[in-house]
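> Take a look at the following structure, please.
The values are calculated or read from the model by the stated rules, or taken from the named source; none is laboratory data. From a predicted model like this one, the values you see are computed outputs, not experimental measurements. Reconstructed Cβ throughout: ideal geometry from the backbone, glycine too, with neighbour counts over all protein chains shown.
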Amino acid sequence: MRLAISTDNDMVSEHFGRCPEFTIVDIDEGKVQKKEVIDNPGHSTGFIPKFLKEKDVGCVIAGGAGFRAQQLFDQLGIRLITGVQGKVDDVIEEFAAGELKKGESLCKPGKGRGYGLEKEDKQHD
């Protein structure tokens, strides 16, 4: 299984499309066979899911992903695990052991084209 983990330094990035890089990991029989870090090729609608599919990625792990990205991953047959936080190496170990838990997506409607930051409540006088 080839994973792509949205990465910011050594941590899982909150949003897959806006991460600076991806950690690509090959896991076979619960063991890491290969691990490399690649730059995010750029955030444009629909591009990154196709880019990762071309790299034979079967599963994407991220803090969150927007609704359209979720649809694209589903259409491409790529499993998406969101709501994941922590150090990339710890997440890899949990996934390899079959212990990684999906959480609530960290992407919330609000600023930033609907991702990442929660809306601020403002009163208008």
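> Kindly establish whether residue 24 is at pLDDT 95 or above and either among the small types (Gly, Ala, Ser) or within 15 Å of residue 95 (Cα to Cα) (or both). I'd like the intermediate steps shown before the answer.
Values: at pLDDT 95 or above: yes; either among the small types (Gly, Ala, Ser) or within 15 Å of residue 95 (Cα to Cα) (or both): yes.
So residue 24 passes the test.
> Being surrounded by 15 or more Cβ atoms within 10 Å (Cβ to Cβ) and not aromatic (Phe, Trp, Tyr): is that true of residue 63 here?
yes
> Of all residues in segment 39-61, which are in contact (Cβ under 8 Å) with a residue 12 or more places away in the chain and in a helix (DSSP H, G or I)?
Answer for segment 39-61, where residues must be in contact (Cβ under 8 Å) with a residue 12 or more places away in the chain and in a helix (DSSP H, G or I): 48, 49, 50, 52, 53.
> A further question follows. Looking only at residues that are β-branched (Val, Ile, Thr) and within 22 Å of residue 1 (Cβ to Cβ) in segment 40-59, which one is modelled with the highest pLDDT? Please lay out each step first, then the result.
Going residue by residue through segment 40-59, those that are β-branched (Val, Ile, Thr) are 45, 48, 57.
Among the residues that remain, those that are also within 22 Å of residue 1 (Cβ to Cβ) are: 48, 57.
On the way: 48: 92, 57: 98.
Per the stated criteria, the residue is 57.
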